[in-house]
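Structure first, commentary second.
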Amino acid sequence: MRIAIASDHAAIELKTQLREWLIEEGHEVADLGPDSHDSVDYPDFGYKLASVVADGTAERGIALCGSGIGISISVNRNPAVRCALVSEPLSAALCREHNDANCIAMGARLTGVDMAKACVTAFLSTEFGGGRHQRRVDKLSNPNF
């Protein structure tokens, strides 16, 4: 799967660990930065991630910052992207099954690497349920639907 990953300075270590693990798992991973611990603005990286998911360059996205909150808000500014803030595998699976989320966000200060890997595994392996959920997902991108 083609996966894009981005973070802010607070989540560099988690981003690096997840990127390397995903590559080992056989995924194609685009690391959208940043590349150093220098302070950056998470919206810049959230917008970049949303852009490559929205245009189809990446099939799924992983957004990371200290809490996961700020970057998830920035990713969700793009109407073609549905980013769910997750902290455990059940919410990561449900965001796919019920909401057809194409991105997840996690907080590096709140989620350890093993739990983050479990969330990513659930996110990547769960299919969208469709059915009654489809009309709701349609409304997420078009509030007048």
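The values are calculated or read from the model by the stated rules, or taken from the named source; none is laboratory data. Bear in mind that the values here come from a model prediction, so they are computed numbers and not experimental data. Note that we place each Cβ from the backbone using ideal geometry, even for glycine, and neighbour counts take in every protein chain shown. SASA here: full protein model, heavy atoms, side chains in, ligands and nucleic acids out. Shrake-Rupley method; radii C 1.70, N 1.55, O 1.52, S 1.80 Å.
Within the chain, 65, 95, 119 have no other Cys Cβ under 4.7 Å of their Cβ and so lack a disulfide-compatible partner by this rule. Along its first, second and third principal axes, ordered by size, region 70-145 spans 39, 25, 12 Å in Cα coordinates. Considering the options 65, 83, 21, tell which one lies farthest towards the positive end of the dipole of the chain, charges being +1 on Lys and Arg and -1 on Asp and Glu at the Cβ, about the Cα centre. Highest projection toward the positive end goes to 83. In terms of its C-alpha gyration tensor, region 4-92 has a rounded overall shape, because the principal axis ratio a/c (a ≥ b ≥ c, square roots of the eigenvalues) stays below 1.5.
Element breakdown for the chain at a 1.4 angstrom probe: carbon and sulfur atoms account for 49% of the accessible area. Per-residue extension of 0.36 nm, minus the Cα-Cα distance of residue 97 and residue 1, leaves a gain of 32.8 nm for this segment. Fully extending the segment from residue 23 to residue 69, taken as 0.36 nm per residue of separation minus the present Cα-Cα distance, adds 14.0 nm. The residues of region 1-68 present an accessible area of 45 Å² per residue when probed at 1.4 Å with all protein chains retained. Each Cα pair under 8 Å and six or more residues apart adds its sequence gap; the mean of these over the residue count of the chain is a relative contact order of 23 percent. Placing +1 on the Cβ of every Lys and Arg and -1 on the Cβ of every Asp and Glu, with nothing else charged, gives the chain a dipole about its Cα centre of roughly 700 debye. FRET efficiency for the residue 90 to residue 127 pair, using the beta carbon distance and R₀ = 22 Å, is estimated at 0.90.
Mind checking region 73-145 for trypsin sites (Lys or Arg not before Pro) that DSSP puts in a loop (not H, G, I, E or B) and that have at most 14 other Cβ atoms within 10 Å?
For trypsin sites (Lys or Arg not before Pro) across region 73-145 that sit outside H, G, I, E and B with at most 14 neighbouring Cβ atoms in 10 Å, the list reads 77, 109.
Note: relative contact order over region 1-87, using C-alpha pairs below 8 Å and six or more positions apart, is 36 percent. Summarising the label geometry, the points placed 7 Å from Cα in the beta-carbon direction at residue 115 and residue 141 lie 3.2 nm from one another. Straight-line cross-link partners of residue 48 among the aspartates and glutamates, defined as a Cα under 15 Å from its Cα and at least 8 positions apart when in the same chain: 8, 31, 35, 59.
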